[in-house]
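Every number here is computed from the coordinates shown, using simple stated rules; none is lab data. Every value quoted in this text rests on a predicted model; they were computed, and no experiment measured them. Don't worry about glycine lacking a Cβ; one is built from the backbone with ideal geometry, like all the others, and counts go over all protein chains shown.
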């Protein structure tokens, strides 16, 4: 059993406030088995990017996260932006359309960062902002295989606990959740059998 990192937080430190928003439905809702993000998360929003339109769904997801940051005191948030992935699939490339979708996602991240930094209590808080992806992709826009380009992710971290510069070791997708959990002071239990390691933080 490998729950999402927010559910793991709820299991170990239920007093912490968790939030998730995703516009790819299987992440938050499933008719077959359990969704990736469980209902143990305190606040969870699921939008349908196929129904709403991916760019619009991403914008709505960000607005929901901003409202949460402005109106409550979340300890851990997860915001999924699906538009870049879907645009690359639609155009079967990593060309100009894909780069445009990444630029739009960058604007969305900027809105989230601004919402964090303008919190009245920001100076007393210890935020760690992580940005990453769940996979790489081929030049034709596809992914799901075992090639290096499909397994390579980017990893960006910002906050007082971050060690500036490029980490000396390779970074893998399994490191992202472990880094977030470690920042929150959650001891990684060996029985969880997590392959990841904390990356880039003190």
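Roughly speaking, what is the stretch gain from residue 102 to residue 1, that is 0.36 nm per residue apart minus the C-alpha to C-alpha distance, in nm to one decimal?
Result: 33.1 nm gained on full extension.
Grab the Cα-Cα distance for residue 166 and residue 140, subtract it from 0.36 nm times how many residues apart they are, and report the gain in nm with one decimal.
6.5 nm
How much FRET efficiency would the formula 1/(1 + (r/R0)^6) give for residue 121 and residue 188, where r is the Cβ-Cβ distance and R0 is 25 Å, rounded to 0.05?
Rounded to the nearest 0.05, the efficiency is 0.35.
Please label the shape of region 141-202 as rounded, prolate or oblate, based on the square roots a ≥ b ≥ c of the eigenvalues of the alpha-carbon gyration tensor (a/c under 1.5 means rounded; beyond that, a/b larger than b/c means prolate, else oblate).
oblate
Roughly what % of DSSP beta bridges within region 5-192 run antiparallel, to the nearest 5?
Around 35 percent of the beta bridges assigned by DSSP in region 5-192 are antiparallel ones.
If you take the Cα atoms of region 35-123, find Rg, then find the Kirkwood Rh from the mean of 1/r over all pairs, what is Rg/Rh?
Rg divided by Rh gives 1.01.
Rounded to the nearest 500, what is the chain's calculated 222 nm mean residue ellipticity when only DSSP H runs of at least 4 contribute -39500 (n - 2.57) each, over all residues?
For the chain, the value works out to -11500 deg cm²/dmol.
Efficiency by 1/(1 + (r/R0)^6): what FRET value for residue 90 and residue 153, r their Cβ-Cβ distance, R0 = 30 Å, to the nearest 0.05?
Efficiency for this residue pair is about 0.90.
When the chain is fully extended, how far beyond the present Cα-Cα distance does residue 11 get from residue 129, taking 0.36 nm per residue of separation?
40.3 nm
On a C-alpha basis, how far is the centre of region 100-125 from the centre of region 127-202 in Å? Whole number, if you could?
Here the two parts' Cα centres lie 20 Å apart.
When a/c is below 1.5 the answer is rounded, else prolate if a/b is larger than b/c, else oblate, so apply that to the chain with a ≥ b ≥ c taken from the square roots of the Cα gyration tensor eigenvalues.
rounded
Please compute the contact order of region 61-196 in relative form: average sequence separation of alpha-carbon pairs under 8 Å and at least six residues apart, divided by the residue count, as a percent.
Dividing the mean separation by the residue count of region 61-196 yields 19 percent.
So how far apart, in nm, are the two label points at residue 75 and residue 174 if each is 7 Å from Cα heading toward Cβ?
Output for this residue pair reads 2.6 nm.
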